[in-house]
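Right, one structure below, let's go through it.
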Amino acid sequence: MIHEILPVGPLQCNCSIIGDESTREAMVIDPGDDIEDVLAVIAEHQLKVKQIIITHAHIDHVGGAMKLRAATGAPILLNQNDYALLKMLDMQAAWVGMASPGKVDIDHSVKQADIIKAGSLTASVIETPGHTEGSICLYFPAENKLIAGDTLFAGSIGRTDLPGGSFDKIIRSLHEKLLALRDETVVIPGHGPVTTIGVERESNPFLK
Ligand SMILES: [Zn+2]
């Protein structure tokens, strides 16, 4: 598996570029900004992007999706419970002092247990409402990797004070869905350093 993690934009969202080494098919998760840099990584590895997956509809995760779709032709996937938030991108842009990316069109909604493929790579969708109503994580069982969006961070969890957020729901998502994964599972959060389920189970103050 090719896996490059590129922090993009002013909020340094971790954009993941994941590719199959033999077929060169790839998926890009959370192309929030800096699409020229994302495309440079794609070109460097000679990848063909098949899927663009958005973990949730915050501007720092979805802002560059249309540019990436225009450059690659790949569809944009998001859980439908975040479609309402997606309509508020102009407002979100004003909150964080960014330029609005304009309208983002979603090609398909993805839901719990959906399988997303690129070449031989397989990820399953885990719905983890809480940070936003439509937040999802992507789990790669063969590689034992979790792309966590803003649900779980090293030593912390996603904020729940923005529209659509719920502290009770994020705690339930973490306990019922993410802590059900094995300790060795490598976690790539939406921001900041990589961690594991085991380390977070042991030391994350929100998971005690
Ligand atoms: Zn977020």
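The values are calculated or read from the model by the stated rules, or taken from the named source; none is laboratory data. In this text, all values refer to a predicted model and were calculated from it rather than measured experimentally. Heads up, the Cβs are rebuilt from the backbone with ideal geometry, glycines too, and the neighbour counts pull from every protein chain shown. Heavy atoms of the whole protein, side chains included, go into the accessibility calculation; ligands, DNA and RNA do not. Shrake-Rupley method; radii C 1.70, N 1.55, O 1.52, S 1.80 Å.
Residue 147 meets each of the listed conditions (1) open to solvent by 40 Å² or more (accessible area, probe 1.4 Å); (2) aliphatic (A, V, I, L, M); (3) under 30 Å from residue 23 (Cα atoms) apart from (1).
Among the residues of region 9-32, those identified as assigned to a loop (DSSP other than H, G, I, E, B) and in contact (Cβ under 8 Å) with a residue 40 or more places away in the chain are 9, 10, 11, 12, 20, 22, 23, 24, 30.
Scanning region 1-21 for residues that are in contact with a strand residue (DSSP E or B) (Cβ under 6 Å, 6 or more places away or on another chain) and open to solvent by less than 10 Å² (accessible area, probe 1.4 Å) yields 8, 15, 16, 17, 18, 19, 20.
Residue 133 satisfies every condition listed in (1) in contact with a helix residue (DSSP H, G or I) (Cβ under 9 Å, 6 or more places away or on another chain); (2) away from the ligand (no atom under 15 Å from the Cβ) except (2). Residues of region 43-60 that are buried (at least 21 other Cβ atoms within 10 Å of the Cβ) and away from the ligand (no atom under 16 Å from the Cβ): 47, 49, 50, 51, 52. Restrict the check to region 78-85 and report whether at least one residue is within 15 Å of the ligand (Cβ to nearest atom) and open to solvent by 30 Å² or more (accessible area, probe 1.4 Å). The answer is yes; a qualifying residue exists.
The residue that is farthest from the ligand (Cβ to nearest atom), counting only those in region 61-71 that are under 30 Å from residue 163 (Cβ atoms) and surrounded by fewer than 24 Cβ atoms within 10 Å (Cβ to Cβ), is 70.
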